Amino acid sequence: MAETDPEPTREAPTSAGAPAARRTGAIPPARMALLFMVMLVTAAGNTAMQSVMPSIGTALAVEDVWISLAYSWSALLWVVCAPFWARRSDKRGRKAMMALGLAGFITSFVLCGAALWAGLAGWMSALWTLIAFAAARSLYGGFGSAAPPAVQAYVASRTPRAERTQALSLIASSFGLGTVIGPALAPLMVLPFLGIGLTGPFLCFAAIGVVALVLLRWRLPDDEPQYAARGAAVAYSSSGSGAPVDPQDTPDADETGEPPRLTWRDPRLRPWVFAGLIGGHAQAMVLGIAGFLVLDRLGLRDTPAEGAGPVGLVLMSGAIATLLAQWGLIPRFDLGPRAATLWGIAAAAFGTVLLAVAGDLHLIALGYAIASLGFGLFRPGTTAGTSLAVTRAEQGQASGIVASLAGASYIYAPALGVWLYGHSDWLGFGLIVALCLTVLVHGWFKLQADRDLTKERA
């Protein structure tokens, strides 16, 4: 027996009597729930933040575009750091990176809330408040980016190819559910009687993040690193956390060597990377414009505190539509990556057109819901396509690329969308529709057929 075997007593994975879960890499429901929770908490926190930031910006007398730009530094750090943490998860274990990501989320939200509270209380100027907010937000971009690629790699490496789209769609739906919970809870977390006011959602979700981190460390089994770090490194399972060791975390016999560095320029990935990047920019622009659109169309600029409710309602309508796509449409029609991507981006374009002409709250919510349903199909489609295009041994790196693309979409796209929207409604929405149509044409000719992607490989 090899010295590097992390579990000498483990049954041979090729045994004829091995359980089905071991042969297929199926993830137990309780474990999937923990992974879902990690993504849910961060998604809910971020959408709660987005639902109150337009009101905070108005209260600080800051132009809309500067509120959007305050996220840019964090998004840039996400792009740079996500692939690094993804590769790190191969060497140190997925659970360790999930815990690091949650810790980054908690710290960032506490400091963001403190900075904004100081600004709203008049202790800092609006300029220094935004600078402090951007600095605190960068902690989420730098360290929070460790969690999503670790979760996606964990799921992708343990899921059969034919079930990959549905499994990753389930994980992606945590974002959809989070965007329901976040805007719904945000108005309830505005706590004027405690002097916290509009910064309440930041501190409340930081506390929820602490609970999620404790549950993750306590209940998720420790996973052996896919590839041992160079040198005499100690296996992560010996860390003394008290959690059991993951019995399924055994690489295939032909995947025990560390794979070569994977980049977005790999010909297997390029079509999916292009679609994900361009469509991601369209999605980021819609999200960036939505809150300010509600304030403008409903005439709430002079009463920013009253805008949190309607903005939250619109975001929640979009989140429900996203859940419909990921919990209903994808499994019901067994949509593969290509089908989900194309149908999704077409629906997103239609919803954007409806949003552009909406003049009341109901029509705004309907347009945003249709656009969100489309993006709710599109995002799992491109994620699954990227995963299926590479081998099991490359799942960690592929997940890092997916997470990096998501971050890249938020470096400048929301600010650009808001800036164009500030000059003309049609400039902002016209660019979004053009991006969606670009993805549609590209995907029709370049994306690999679903039957080829989902075919089990020897």
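No lab work stands behind these numbers, since they all come straight from the coordinates. Fair warning: this is a prediction, and the values are worked out from it, not measured in the lab. Every residue, glycine as well, gets a Cβ built from its backbone with ideal geometry; the counts of neighbours run over all protein chains shown.
How do the peptides 214-220, 158-164, 432-438 rank, highest first, by the average count of neighbouring beta carbon atoms within 10 Å per residue?
On the way: 214-220: 16.4, 158-164: 18.1, 432-438: 20.1.
The peptides rank, most packed first, as 432-438, 158-164, 214-220.
What is the mean projected area of the alpha carbon convex hull for region 283-384, to one decimal in square nanometres?
Values: hull surface 24.0 nm².
Reported value for the Cα convex hull: 6.0 nm².
Taken over region 121-170, the ratio of Cα radius of gyration to 2.2 N^0.38 Å equals 1.93. Calculate, for His362 and Ala61, the FRET efficiency according to 1/(1 + (r/R0)^6) with r their C-beta to C-beta distance and R0 35 Å; round to the nearest 0.05. So the FRET efficiency works out to roughly 0.70.
Hey, what's the per residue convex hull volume over the C-alpha atoms of region 331-419, in cubic angstrom? Walk me through the intermediate numbers first.
Details: hull volume 9.3 nm³, N = 89.
That works out to 105 Å³ per residue.
In this structure, Thr391 and Asp452 have a Cβ-Cβ separation that, at R0 = 22 Å, corresponds to a calculated FRET efficiency of about 0.90.
Each principal axis of the Cα cloud of region 376-458 was taken in turn, and the coordinate range along them, longest first, works out to 55, 25, 18 Å.
Loop-located chymotrypsin sites (Phe, Trp or Tyr not before Pro) in region 120-213 (DSSP state not H, G, I, E or B) with no more than 11 neighbouring Cβ atoms inside 10 Å: Trp123.
Take the Cα of Ser125, step 7 Å toward its Cβ, do the same at Asp334, and the gap between the two points is 6.3 nm. Using modelled amide H (1.01 Å from N, peptide plane; none on Pro or chain starts), what sits under 5 Å from the amide H of Asp222, excluding residues fewer than 5 places away? When sequence neighbours closer than 5 places are left aside, the close amide H contacts are Val245, Asp246. The label point for Val210 and the one for Glu306, both projected 7 Å from the Cα toward the Cβ, are 3.6 nm apart.
Note on region 35-144: Rg/Rh from C-alpha atoms, Kirkwood Rh, equals 1.02. Candidate cross-link partners of Lys455 among the lysines, defined by an alpha-carbon separation under 25 Å and a same-chain spacing of 8 or more, comprise Lys446.
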